[in-house]
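Scroll down for the structure; my scribbles are underneath it.
Bear in mind these aren't lab numbers, they're just calculated from the coordinates by the rules spelled out. Quick caveat, the model's predicted, so the values are computed rather than measured. Because the Cβ atoms are built from the backbone with ideal geometry, glycine has one as well, and the counts that use them run over all protein chains shown.
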Amino acid sequence: MPILLLLLAIGVVEISVLVLVGSAIGVLPTIGLLFGGAFLGSWLLRREGRRSLQAFNEAAMQRKPPEREVADGVLVVAGGLLIALPGFVSDVVGLVLLLPPTRALVRRWLARRAERHAEQVQQRFWAHAGGVGFPAGFPKAGSPGAGRGAGRIDGDVIDGEVVSVSEDDVPRQHPPLGTSSQAERPDGGSPR
């Protein structure tokens, strides 16, 4: 339900801005601005999409994680979708996502927000779980090794040895019930 209310509010804002701009400059200039924004947005979408794909390929060739490149690609697609929608507000937000300097600001803001959210989820988990069922050395939220797999799990060490088993070492299985382990006679009779 909140999503529907948000979409309704966005629609009302877009229509209000269109009416205000149309009454200020006229109908034909307003339509011209909408088409000009769509043209500029599609050109930027192609250019920035190509750059994001090239950056992703370079990161893959250098074998480094393409976190930044993937985030840029998602933001470029979101910007393109917003520009495709009719309206001035969505065009402005779409242009913000398509221009590299502002996209970098949005990307950093989203990364910080995601980190804070992950920390909150981890803290809630530990508050509800109370650490029950986890080994003593398991890293908790806020500890230096948390979230990176750097924590050490303390516990008992079981000493043992590895034994290789080949087919020759496996004991023979007994024949299934209803079959005889003795050979049948050539004339089809059963052995005595």
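Values as computed for the structure displayed
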{"read-out": "Prolate/oblate/rounded label for the range 48-117 (Cα gyration tensor, a/c 1.5)", "value": "oblate"}
{"read-out": "Summed residue charge, Cβ within 13 Å of Val76's Cβ, Lys/Arg positive, Asp/Glu negative", "value": "+4"}
{"read-out": "Given charges at beta-carbon only (K, R positive; D, E negative), |dipole| of the range 1-132 in Debye", "value": "420"}
{"read-out": "Gain in span if fully extended, His117 to Val27, counting 0.36 nm per residue against the direct Cα distance", "value": "27.9 nm"}
{"read-out": "Sites Leu20 and Leu85, calculated FRET efficiency, Cβ-Cβ separation with R0 22 Å, nearest 0.05", "value": "0.80"}
{"read-out": "Relative contact order of the range 15-77, pairs being alpha-carbon contacts under 8 Å that are 6 or more residues apart, as %", "value": "26"}
{"read-out": "Net charge of Cβ neighbours under 14 Å - reference Leu110; Lys, Arg +1; Asp, Glu -1", "value": "+4"}
{"read-out": "Label-point gap, in nm, between Lys64 and Ala127 - each point 7 angstrom along Cα→Cβ", "value": "3.8"}
{"read-out": "Projected area, mean over directions - the range 1-66, Cα convex hull, nm²", "value": "7.0"}
{"read-out": "Added length on full extension, which subtracts the Cα-Cα distance from 0.36 nm per residue, Leu53 to Val12", "value": "11.2 nm"}
